[in-house]
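The values are calculated or read from the model by the stated rules, or taken from the named source; none is laboratory data. Given the structure is predicted, the values throughout are model-derived calculations rather than measurements. Heads up, the Cβs are rebuilt from the backbone with ideal geometry, glycines too, and the neighbour counts pull from every protein chain shown.
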Amino acid sequence: MHPNDAAITDYIDGALDVRERAEIDRHLESCAACRRLVEDFREIKGVAASLELREPPVRSWTRLERAIKLEERPAAARRSPAWAEPRTLAWLAAAAMIVLATAVGLKFMPTGARRAAPAVENTGAQPAAEAGAANTASANVVSANAAAQSVAAELQQAEDHYEKAIKGLEQIANAEQDVFDPKTAATLQKNLAVIDQAISESRAALRAEPASEPAQESLLESFKAKMALLQDTVALINEMRKGNDAGAARIVSGLKQKGD
Amino acid sequence: MTVTAEAADADIVARSQAGDADAFEVLYRRHAARIYTLACRMAGSADDGEDLLQEIFLQVHRKLGSFKGDAALGTWVYRLALNHCLDYVRSRRAKMNKLTETLDTDTSFEPHAPRETPIARMDLERAIERLPEGCREAFVLHDVEGFDHKEVAGLLDIAEGTSKSQVFKARAKLRGWLKK
């Protein structure tokens, strides 16, 4: 009869007494399946004990530093917002204009629909019969370069639009940020830090490989995420200024879900 | 703990408490990898591990005043991190109500033909993330972190026999994935 799970576990972990251990030793001498099981489990245990440490992402310290600073803000800076105070909603109108202008300005689509000409592999010496194909390949290279330049120019244009819109939204969010309680402010800062990190990483990837579609898409997705977050922020300011607790709570709940 | 290490810990704690951001950064950089690794493995994902890392070090920052120097600063940070990870695991388990499911599933195995290639650490690291909740935490605490079954049982609030069966199940699953 095979030893049960607990006995095998204790055997591997060295938790059996001499008699129990001898019993299992005897069984293993005649049972190849259990012998292999014990050998594999020992190997797993050995490798598990020698696993290396994992370095946290670089952004982790920046995120933590921001969160600590938010916690350390003096009480005066964390006072409750004067929701009832009558204020002009001109900021919000301005924000809406920026969002609309951006939506109209964005046309860049770094997807398969505008893929560059197929890449040409360097296959070394080619048979004479393929000389024509080589000429076509050469033309394809020129075409690919032109397409890559065009994509880069359009990417830059889209990036400019996003940055302009983000700057406008940031100005509003920064000017009005005193309406937030520390927890909400921390959630916003945490989300912004994550997105900013994604933007930096995408830019770095694009510098290394300008034609990389995943990097282009990642950069634009990060810009979109930042836009969406700032739009939520402005919407939240609006609801808080209006004194609409339910509307504000809905937006805060959405922000937390994105941040979680 | 040596007098020098003790003095270094006390210095870093005092400076951090006095608002010296550089001192707290030193503390973070000294211990972040160990805590991040523990958090990723206990949570089963790098994303959750990163969030846990932030929450843990925020707690460290808040609670530095309660560090009395009875143990090394690293041990104190590790205990705080482990407790935080366990709270997270318990809360997620309560939400997902998966404990019964993971405890009751069949743990039998079919012997595989022995594979000559040794298990690569990276493969094992990835495979641990795939382990079901319940057996993953027991495996990480026992085989990776080095707690015995009695300690694992206490930490996870389960019976010692359950800890053994969960570790057996985790090893059997890992074997199925890595030794096929």
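One table, with the values for the structure above:
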read-out: Selection count where residues are free of Cβ contacts under 8 Å to residues at least 12 places away in the same chain and not in a helix (DSSP H, G or I), scope region A:186-233; value: 2
read-out: Count of region A:1-15 residues which are more than 19 Å from B:Phe147 (Cβ to Cβ) and touching an Asp or Glu at 6+ places or on another chain (Cβ under 9 Å); value: 2
read-out: Selection status of B:Thr4, hydroxyl-bearing (Ser, Thr, Tyr) and more than 30 Å from B:Arg126 (Cα to Cα); value: yes
read-out: Per-region count, region B:17-31, residues touching a Ser or Thr at 6+ places or on another chain (Cβ under 7 Å) and within 8 Å of another protein chain (Cβ to nearest Cβ); value: 1
read-out: Members of region A:28-38 that are surrounded by 15 or more Cβ atoms within 10 Å (Cβ to Cβ) and not hydrophobic (A, V, I, L, M, F, W, C); value: A:Arg35, A:Arg36
read-out: Within region A:13-74, helices (runs of 4 or more DSSP H) holding 1 or more residues that are in contact (Cβ under 8 Å) with a residue 60 or more places away in the chain and more than 7 Å from every other protein chain (Cβ to nearest Cβ); value: A:59-72
read-out: Any helices (runs of 4 or more DSSP H) falling wholly within region B:53-153 and containing at least 1 residues that are at pLDDT 90 or above and closer than 17 Å to B:Gly176 by Cα; value: B:121-130, B:135-139
read-out: Conditions (1) touching a residue at least 60 places away in the same chain (Cβ under 8 Å); (2) of a type in the set (A, V, I, L, M, F, W, C); (3) surrounded by fewer than 18 Cβ atoms within 10 Å (Cβ to Cβ); (4) within 14 Å of another protein chain (Cβ to nearest Cβ); number of the one not met by B:Met42; value: (3)
read-out: Identity of the residue in region B:47-64, farther than 12 Å from B:His84 by Cα and buried (at least 17 other Cβ atoms within 10 Å of the Cβ), that ends up farthest from the other protein chains (Cβ to nearest Cβ); value: B:Leu64
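Yes/no matrix, rows are residues, columns are (1) touching a Cys at 6+ places or on another chain (Cβ under 9 Å); (2) at pLDDT 75 or above; (3) surrounded by fewer than 20 Cβ atoms within 10 Å (Cβ to Cβ):
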| position | (1), (2), (3) |
| --- | --- |
| A:Ser150 | no, no, yes |
| A:Ala153 | no, no, yes |
| A:Asp160 | no, yes, yes |
| A:Lys167 | no, yes, yes |
| A:Glu176 | no, no, no |
| A:Gln189 | no, yes, yes |
| A:Gln197 | no, yes, yes |
| A:Glu201 | no, yes, yes |
| A:Glu209 | no, yes, yes |
